[in-house]
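Okay, structure first, notes after.
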Amino acid sequence: MRKHSEYYAFAAAVRLLIEKEGRISQLEVAVERAAEATVDKDRLLEVMQGDKTALSRAIAQNKELKNQLAELQNSFVKMVCTTLCSCDVIYMKSANFFHSVSFFGI
């Protein structure tokens, strides 16, 4: 009878050991997943920081380009005004010339 009780105790211990090994395996998988998630979070943070830096640069470049565009527009307007004024002067001179020519009957 003692052998039977020892056998049952041994079998119970083996079952408990198998259950514990299964639980350990589950916990190991959970730890691996948590480690992967941590690595993924770290990578994501690195990517986000890089994106933030790139975005800051893009915003700065955009502001600079807007300033340059405003300067170009101002220069263009000045050039057009100067050209129009020059055209007016030329027109007036030519009108005076033609008026004087017709005045002399030519």
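Numerical summary
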{"item": "Residue within the stretch 62-83 that is more than 35 Å from the chain's Cα centre (by Cα) and basic (Lys, Arg) present", "result": "yes"}
{"item": "Filter result for Lys3 (exposed (fewer than 10 other Cβ atoms within 10 Å of the Cβ) and either of a type in the set (S, T, N, Q) or in a helix (DSSP H, G or I) (or both))", "result": "yes"}
{"item": "Pairs where the first residue, in the stretch 32-57, is modelled with pLDDT under 85 and the second is part of a helix (DSSP H, G or I) and surrounded by 10 or more Cβ atoms within 10 Å (Cβ to Cβ), C-beta under 9 Å, 6+ apart", "result": "none"}
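The values are calculated or read from the model by the stated rules, or taken from the named source; none is laboratory data. Fair warning: this is a prediction, and the values are worked out from it, not measured in the lab. Note that we place each Cβ from the backbone using ideal geometry, even for glycine, and neighbour counts take in every protein chain shown.
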